[in-house]
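Report on one structure; see the data block that follows.
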Amino acid sequence: MKKIRNFNLFLFVVLAILSCDKDELVNLVEPSHRVIVTSEMNFDNTINVGGHIDFGDISQGVESRLWTFPETVSTIVGASGNTSSKDVVKGLFNTPGVYDVTLNQVFKKNVYPNEDSQVPIDGRELDTTIVVTVLGPVEAYIKAHYINDDGTTGEELDLSDNAENELTASKYVRLSYTADGSPEDFVWNLPGAKPDQVAEAEPEVDVRYSKLGSWDLQFIASRNRPGGADTINVKKFIKVVASTEPVTLDRVFEKTKETSIGLEFSREMDPESVNKDDFTVKIETAAGAVLNPVIANVSVDNTEGNVLVVELSNEIIYNDDTVKVSYIPGTLRTSDLVDATEIVDAVLTDFIKENLFDDPNFSEVDNSFEKSEVENWPYLWWGAPWDGYDMSFSYDQAHSGEKSMYLEFHPEGGMIIGNVDASGENITFPTEKGFNYEMGAWFYVVDAGVPVVSNVRMYWRPSTNWGVPDNPTFSADSPVGEWFYSSAIVNFSADGNESFMLRGQNVNSETLKFYMDDLSLYKLSSRP
């Protein structure tokens, strides 16, 4: 009975097909349509040496096919030579390089060459080339050099284990690397140095050693896909020894939000020599008052021996304060027994601040331009001279990440652009009335021409304040060939959602060329 039922069902389907009209029968004819896939197509067909890629011909209407692989450097699994007529083949690659794998197809009738083709070509034969990149193992090579007092590169250091290259405390070392195998990520791990880790490292970095002792070095070069890494470890790479040079105060910063100050010296300080009574702090408020807070304690930081922590007992530090620290010569000295010299009104320059644009819950502004396209920063149609610019996004320079905005202001030209999403709607960020904000960005000037008063200004809409200052002003004193930060203190006239307008002006007879990256917005605390 089961067989009969199956036969009756088959007969019913045949009769149904035969009952279709001619147009419906045409739709059942197999088209000739090219579709080729690989197992690594989403990764640029890049593999490790010794790895494999699967190639698939899933085209419709193929009468015959022939895959051809490069000889001597590759093997087709299951084939005796370097060709195959199978629809799916596996290729092994045993030599680093860039290679072509070709597919010749003959179709039963004129072929549609692509998945979205609407009309077939006048022909039945197609040739396709697939480029395969085979990467060798990641191999890194590093060098280290002393840095001379004038900033030039000095003698090369020995990178053997236990070499203990001798370095005077507070001096710098220049580290560099080269690498094979196309690694993408580079990290220096440098205990005893400042910084003690350099991620996304440039090919050359300078680090400072201030802590006495012998310190190791580690360098890692890696790539994610295809995976690969090389790690270099050097034991007791450097030995930091005592200095007789004067110790300097290099930075005054907010150590703990609102309550403590950090004093960063050029080398380690002796914890036994610290006396809080030798220090004073003065706070000048935005309203003009002068405060003299009590110092609760001064101590050497637990992890950074060249940093003193000044703790306040009865006062809070606000972002709009001017904070000054002084030291009357007393007992303070370095670990290598050099006395600290007088400090008079050293100004706190680095407050603890959080860039609101880094918080995805605050705003959708692509402040580092990693996802931005030209269409996201459109011209706002102010007319001449504000249409005298060229803008793109570049991988050539980046303050962070991989991309930055590249701008060229034409001679006596300028720019006015907004910020929109893919649908053309303004990308906004929330603001509050009654607070000061620091709005800024990083800049890298390539060619400033002969700048006079050229500038960029950061505006917003709809509650625009046309009185914001230049941010930055490009002048003869502006750095060229290096990143620098520029910011302005702004406030908003109402609570609401604002959208960026970036305006630039070039009053010179030469093109102004620069990169811009990492837009920032910091909400500042103000003394009540």
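The values are calculated or read from the model by the stated rules, or taken from the named source; none is laboratory data. Because the structure is predicted, anything quoted here is derived from the model rather than measured. Note: ideal-geometry Cβ built from the backbone for every residue, glycine included; neighbour counts use all protein chains shown. Remember, those area values only see protein heavy atoms, side chains included, never the ligands or the DNA or RNA. Shrake-Rupley method; radii C 1.70, N 1.55, O 1.52, S 1.80 Å.
A 1.4 Å probe run over region 119-163, with the rest of the protein chains in place, finds 60 Å² accessible per residue.
Run lengths n ≥ 4 of DSSP H only: what is the helix-derived mean residue ellipticity at 222 nm for the chain, with -39500 (n - 2.57) per run over all residues, to the nearest 500?
-1500 deg cm²/dmol
Per residue, the average separation of C-alpha pairs within less than 8 Å and at least 6 apart gives the chain a relative contact order of 9 percent.
When the charge dipole of the chain is built from unit charges on Cβ atoms (+1 for Lys and Arg, -1 for Asp and Glu) and taken about the Cα centre, the candidate among P31, V365, A140 whose Cα reaches farthest toward its positive end is P31. Among the protein heavy atoms of the chain, carbon and sulfur supply 49% of the accessible surface, probe 1.4 Å, non-protein parts ignored.
Phi angles of region 271-285 translate, via the Karplus equation with coefficients 6.51, -1.76, 1.60 and θ = phi - 60°, into HN-Hα couplings of x, 6, 8, 7, 10, 4, 6, 7, 10, 9, 10, 10, 10, 9, 7 Hz per residue; Gly and Pro are given as x.
In a reduced charge model with +1 at each Lys and Arg Cβ and -1 at each Asp and Glu Cβ, region 337-481 shows a dipole moment near 440 debye about its Cα centre.
Using the Cα centre of the chain as the reference point, and only Cβ charges (+1 on K/R, -1 on D/E), how large is the resulting charge dipole? Debye, rounded to the nearest 20. Working shown, then result.
Working: 40 positive and 85 negative charges, 381 e Å.
Using only the charged Cβ atoms, the result is roughly 1840 debye.
For the chain, which longest stretch is free of loop sites, where a loop site is one of the chymotrypsin sites (Phe, Trp or Tyr not before Pro) that DSSP puts outside H, G, I, E and B and that has at most 16 other Cβ atoms within 10 Å? Working shown, then result.
On the way: sites that count: F362, W381, W382, Y395, F435, W466.
It runs 1-361.
Here region 220-272 is assigned +1 on the Cβ of each Lys and Arg and -1 on the Cβ of each Asp and Glu. Its dipole about the Cα centre then comes out at about 540 debye.
Sparsely packed loop sites in region 41-136 (the GluC sites (Glu not before Pro) outside DSSP H, G, I, E and B with at most 11 other Cβ atoms within 10 Å) comprise E71, E115. For region 376-523, the solvent-accessible area with a 1.4 angstrom probe is 43 square angstrom per residue. Against the chain, whose longest principal axis comes from its Cα atoms, helix 2-18 is set at around 90 degrees. Select one label from (i) 60; (ii) 51; (iii) 35: the one whose number is percent of Cα pairs over 35 Å apart as derived from the coordinates shown. Computing percent of Cα pairs over 35 Å apart and matching it to (i) 60; (ii) 51; (iii) 35 gives (i).
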